[in-house]
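No value in this document is a laboratory result; all are computed from the given coordinates. Quick caveat: nothing in here was measured; it's all calculated off a predicted structure. Glycine gets a Cβ as well: all are built from the backbone with ideal geometry, and neighbour counts include every protein chain shown.
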Amino acid sequence: MSLVYPNGVRALDGVTLEIEKGSFVFLIGSSGMGKSSLLRLLYREKVPTQGEVYVDGTRVDAMRRSKVPYLRRNVGVVFQDYKLLANKTVWENVAFALQVTGARTHDVMRQVPRCLDLVGLAHKSRMFPSELSGGEQQRCAIARALVNNPKILLCDEPTGNLDPSTTSEIMELLLRINLKGTTIVVATHNQAVVDRMRRRVVRLENGRIVSDEERGYYFLGLGQSSVLSG
Amino acid sequence: MSLVYPNGVRALDGVTLEIEKGSFVFLIGSSGMGKSSLLRLLYREKVPTQGEVYVDGTRVDAMRRSKVPYLRRNVGVVFQDYKLLANKTVWENVAFALQVTGARTHDVMRQVPRCLDLVGLAHKSRMFPSELSGGEQQRCAIARALVNNPKILLCDEPTGNLDPSTTSEIMELLLRINLKGTTIVVATHNQAVVDRMRRRVVRLENGRIVSDEERGYYFLGLGQSSVLSG
Amino acid sequence: MDWGKVRFFLGEVFANFARNKGMQLTAIATVAVTIVMLGSFLYARETLGKLSAGLLSRIEISVFLSDRLGDREARALVQKIAADPRVAGLTYVPKSEGLRALRERLKGQIDTSLLTTNPLPNAVHVRVKNPDEVHAVARTIEKISGVATVEYAQDAVTKVLRLTDTVAKIGLAMILVLVLATAVIISNTIRLTVFARRREIAIMQLVGATNGYIRGPFLAEGLVAGAAGAILALAILAIARAELLPKMIATLSFIPFEIARVDESHLILELLAAGAAVGFVGAWFSVSRHLRT
Amino acid sequence: MDWGKVRFFLGEVFANFARNKGMQLTAIATVAVTIVMLGSFLYARETLGKLSAGLLSRIEISVFLSDRLGDREARALVQKIAADPRVAGLTYVPKSEGLRALRERLKGQIDTSLLTTNPLPNAVHVRVKNPDEVHAVARTIEKISGVATVEYAQDAVTKVLRLTDTVAKIGLAMILVLVLATAVIISNTIRLTVFARRREIAIMQLVGATNGYIRGPFLAEGLVAGAAGAILALAILAIARAELLPKMIATLSFIPFEIARVDESHLILELLAAGAAVGFVGAWFSVSRHLRT
Ligand SMILES: Nc1ncnc2c1ncn2[C@@H]1O[C@H](COP(=O)(O)OP(=O)(O)OP(=O)(O)O)[C@@H](O)[C@H]1O
Ligand SMILES: Nc1ncnc2c1ncn2[C@@H]1O[C@H](COP(=O)(O)OP(=O)(O)OP(=O)(O)O)[C@@H](O)[C@H]1O
Ligand SMILES: [Mg+2]
Ligand SMILES: [Mg+2]
């Protein structure tokens, strides 16, 4: 499938990709190569200009508008720019994703603190996003994506503002969630993370898939990177 | 000096730090430890609740409000959340930082393309921030911070959304600028960058400086990190 | 029923309000000002209507009885006229009294001592309930046997009626303009408050909220802002009325001021409902516009 | 002078406008509606003022001359009255003509053949320019030798004057309310548009823009939005006037309609200036509020 933005940018160009249920996939490629754009197709923020997108057996691009919210409830997304609601506290931001599904208040009261705890933000639950550091906002976004136990989790650069040890914790968390059966797609630039996890790595370049390895590294065919030891 | 946010969070607690003219300093520490807060004091987004801040010989915290813009023109800042003007194109965003200084149109027309070129965004100069990828927005923010040749450059996580090779390029760019005499402070989580550059590293933990090494690594006393090879 | 959800919804509305205080208060102030304007105009119009009705009700039909009628017959005729349901009241002026009045009227203009015989007939001065019916009543009375002539300011009545009618039409037109303006202003204001929060709406959509779910709090807020503005406006109007009305009545004491009887309860309800409804509908359309993209 | 900067500034204003089209058009519409309201009210008030002045100018003072005056002396006296600058016009009615008129008036009421001698004096009916001066003119004329009595609807004049006065006061009060409301609405609208862009303002500050520099484009936009709204409003008013006025004049043809002579050019300028000024001042305050933090 392809995606051409209204301003004529060809963000994705003839991409064909199949992601198995329950798998863990890294999406890499340098800046502006189409990683976020690819993810956007999956939760239908964008519709491909050409081609078809299937998620969980449903054709997403031809979906009726009124069905879209239900798709999105099954797809947790950690946005690259967080997209937190500025008018809601951390707690409310996370709770919101659960409340929209019609969850019972009882469940909300139990799930939200659990998720905040997982990302280490429990003590900041009453703060507004503007009162958080960059990394804390990012973790809040992660908690929100997790809270309703989605079948699919899309993470767009989920650790860009996190220190290495918090990054490890988050990646371990994702691994645990993946083991419980959630499909996870992570778009990232973090070489260390990719290299350590050794999972499927899909590499995008100018909107095309240039490689797709089952147990890949960040740099093609390298164990430890050349940049690091430059 | 200390900084207590109105909601009672003690972001900085008795920090004393001197940065020499023309030096290159990394500010590290895990998420929420006070790196951004420290930088905010330097361009007077915040005023310390206690203590004094001097920049270039001027006492910043006691500065008259009307003088603040002139301080900020000498201090280029790459914000952690970019802070691009959504209503202006890339070109206009970068040009704005120059125009506010009263620069002549002639200079604007020369400087802006040069800076966009340096960060590799020249071909996107007519796009709006919302039409850029995360990394492109970040590079736009860097270009804006550079454009008026500030004496001091504060970069808050300037490479969080950039791939390793673009990161190297940006760091090299910063190095070149530093060699021309600009003081540079970079707050970052990027272990590879810190370890490769071997510059002064100031480590913050819970608002306090816990170490300050002249040629430091990201992890105390380690050449290559333990996390990487986990 | 999950009361937690209800509490959550109300909490949502309340929190949004508190967290956008400046904006919401601005919106409420605008609504209030608009409704004060509309309200004071409606009030002025109603008052003027009553006023002109009061002035018109003073128009009299002078009925002159035939000289052949005896006193008894004359009184019977008066009874008959009084029985007409359109007649508000009448005064019987026997010829002797009429002469006295005429003398009074002409004093200084003519030498009244020259009026030695009484040239006047017996007369009845009739007031009608509804000024529109003056013509009709006059024509009915004319046909009663024993009535010699019927006189009234035919021309003046026609003119005044036409004037009142035109003024009423202009008033109605102005009110339509005002109501329309109120609606536009309030809904534009709400639209601007929604516009300032368009990013929020987009995020809510991305997190899986249905359009209905997103709309809810905005509609409630629009409703509350509209209603709050209206209540504020009504309070201002009530105070203004309490302050100004006595002064006005004092100044215009010679006019049959039925101002106190303007029925306000329905006006209050209407303005309140209008404020709330426009806020609600304005919010609906504004949010929908942002939901579509 | 760096023309690039001027171009930049104008480009800035224009681009901001284009990129916030929805919001700016909403603001302009609100301004337009508000000013249409204000304008039509001002117009209605001015028209009513002229109307009541027209009606009042028909009030006459009847001056009855002493019977001792000869025809020549009477005419001299008339000249004297006419020379008074406050007098708009007068009619001389010799006693013979007066009797004819009286006979006409009393026909049907009294047997006019009984009026054999002429009881009437020579009379002059005087119209004054300014109804306020009726009393004063009457008193002046009274003192002229040769004048027997002066009569006019003293009571009516007082009442009507008091009524006009009150109505004018109410009108003025309403206009003050409206002007205030217009100012509040327009500035609130501008405030909301600024509020929607508060993040931008904060960023500009962080990048080193002085407050004046940030304010510039916002002020220009406020000015343009206010002026554009006012122009739109004036166009609507002009169309409405062209459409409705002829109809109204036709209906009210019996009234001395001086409506056509309402001087509009100053009204237009005032409304335009008011719109632009309020937009400007509103933008000033709203931006300043955000600049302080
Ligand atoms: N909304 C948009 N409208 C137009 N062009 C867009 C839009 N979003 C992204 N693009 C363009 O599409 C291309 C791919 O963008 P995308 O966000 O997918 O990159 P990315 O791989 O996520 O990059 P990064 O690592 O920097 O986040 C870029 O060239 C970008 O400029
Ligand atoms: N505006 C604010 N109001 C209140 N508290 C704040 C505000 N900004 C930051 N904080 C708090 O101050 C502490 C330090 O924040 P700071 O942004 O300096 O962290 P940081 O070191 O930059 O972290 P990160 O690496 O995640 O960006 C955090 O606990 C944060 O929650
Ligand atoms: Mg991206
Ligand atoms: Mg930070």
How large is the translational diffusion coefficient of region B:75-230 in µm² per second when you combine the Kirkwood radius over alpha carbon pairs with Stokes-Einstein at 20 °C and 1.002 mPa s?
130
Candidates B:THR58, B:THR182, B:THR159: whichever shows maximal mean-square fluctuation once chain B is modelled as a Gaussian network with Cα springs under 10 Å
B:THR58
When the charge dipole of region A:19-164 is computed with +1 on Lys and Arg Cβ and -1 on Asp and Glu Cβ about the Cα centre, the Cα farthest towards its positive end, among A:MET127, A:ALA103, A:LEU38, belongs to A:ALA103
Proxy exposure order for B:HIS189, D:HIS135, C:HIS266 (fewest C-beta within 10 Å first) is C:HIS266, D:HIS135, B:HIS189
Between copies, how close do the D:LYS129 label points come, placed 7 Å along Cα→Cβ, listed in nm from shortest?
5.0
Fewest Cβ neighbours within 10 Å first, please rank A:GLU45, D:GLU151 accordingly.
D:GLU151, A:GLU45
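How large is the dipole of the protein assembly as shown about the Cα centre if only Lys and Arg carry +1 and Asp and Glu carry -1, each at its Cβ, rounded to the nearest 20 debye? Write out the running numbers ahead of the final one.
Values: 130 positive and 94 negative charges, 74 e Å.
With Lys and Arg at +1 and Asp and Glu at -1, about 360 debye.
Can you show me the helix-derived [θ] at 222 nm for chain B, built from DSSP H runs with n ≥ 4 at -39,500 (n - 2.57) apiece and divided by the number of residues, rounded to the nearest 500.
Numbers: 7 runs with 75 residues, N = 230.
It comes out at -10000 deg cm²/dmol, rounded to the nearest 500.
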How big is region B:84-149 along each principal axis, measuring the range of its Cα positions in Å and listing the largest first?
31, 23, 17
Sorted largest first, the C-alpha extents of the protein assembly as shown along its principal axes in whole angstrom are 138, 66, 51
Would you mind getting me the FRET efficiency between B:ASP212 and A:HIS106? Use the beta-carbon distance for r and R0 = 51 Å, nearest 0.05.
0.50
Placing one identical point scatterer on every Cα of region A:11-59 and ignoring solvent, what is log10 I(q)/I(0) from the Debye formula at q = 0.14, 0.15, 0.23 Å⁻¹?
-0.36, -0.41, -0.99
Going residue by residue through region C:25-40, the Karplus relation 6.51 cos²θ - 1.76 cosθ + 1.60 with θ = phi - 60° gives ³J(HN,Hα) values, rounded to whole Hz and with x marking Gly or Pro, of 5, 4, 4, 4, 4, 4, 4, 4, 4, 4, 6, 4, 4, 4, x, 5
Please report, for A:ARG64, the nm distances (one decimal) from its label point, 7 Å out from Cα along the beta-carbon direction, to the equivalent points in the remaining copies, shortest first.
6.7
List the distances, in nm and shortest first, from the label point of D:ALA83 to the matching label points in every other copy, placing each point 7 Å from Cα along the Cα-to-Cβ direction.
6.7
Alpha-carbon centroid distance for the pair region B:38-91 / region B:116-186, whole angstrom
18
May I ask for the percentage of alpha-carbon pairs in region B:27-139 that lie more than 21 Å from each other?
49
Report, in listed order, any pair from A:LYS46/A:LYS67; B:LYS46/B:LYS83; A:LYS46/B:LYS88; B:LYS124/D:LYS21; B:LYS35/B:LYS67; A:LYS67/A:LYS151 with a Cα-Cα distance greater than 20 Å.
A:LYS46/B:LYS88; B:LYS124/D:LYS21; B:LYS35/B:LYS67
Taking H placed 1.01 Å from N in the peptide plane, check which residues at least 5 places from C:THR149 or on another chain put their amide H under 5 Å from its amide H.
C:PHE64
Could you work out the local net charge near A:ARG139, counting Lys and Arg as +1, Asp and Glu as -1, over the other residues with Cβ closer than 12 Å to its Cβ?
-2
If R0 is 56 Å, what FRET efficiency do you get for B:ARG198 and D:ALA273 from their C-beta distance, rounded to 0.05?
0.25
